[in-house]
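Asks: Attaching a single structure in structure tokens format; questions to follow.
Where a number appears in this text, it was derived from the coordinates with a stated rule and is not lab data. What you are looking at is a predicted structure, and each value in this text was computed from that prediction instead of being measured.
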Amino acid sequence: MITIHYDPECRAVPDGQVAEYVNSLIAEHARSTHSVLRAVGVGSIVQEFRLRVARGEIPHTDLQFVFEGQTITINEYARLSDWPKGFADFEDQRIVEIIRTMSAKRRANSK
């Protein structure tokens, strides 16, 4: 089992190294008889693992996420059992804020 403990204050992995980092965890899991546990603080790792499950590169039953004491499982289609507020959503929050700001600016400029 690979367990990813998501904590926004934890270890960040640069975007350009996310795929390599996930590869290393999958490889460690494949050659190990024990669970692989890592704490990370970047949502792109969650998304990369979801992609790997969707592609069939790792069984969904071999992966789970933990956030604020809650275990989050994933199905074979890469859908998470829950998506609590604050879980790997920093980028999404920024995108929503950008869209809202752009819309407000357009409304203000069209008057």
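Asks: If I ask for residues that are within 23 Å of I58 (Cα to Cα) and in a loop (DSSP other than H, G, I, E, B), which ones from region 1-10 would you list?
Replies: Those that are within 23 Å of I58 (Cα to Cα) and in a loop (DSSP other than H, G, I, E, B): M1, D7.
Asks: Now for a different question. From the list R31, R50, R38, pick out the single residue that is over 15 Å from C10 (Cα atoms), of a type in the set (K, R) and more than 12 Å from the chain's Cα centre (by Cα).
Replies: On the way: R50 fails: more than 12 Å from the chain's Cα centre (by Cα); R38 fails: over 15 Å from C10 (Cα atoms).
Step by step, each of R31, R50, R38 is checked, and only R31 is over 15 Å from C10 (Cα atoms), of a type in the set (K, R) and more than 12 Å from the chain's Cα centre (by Cα).
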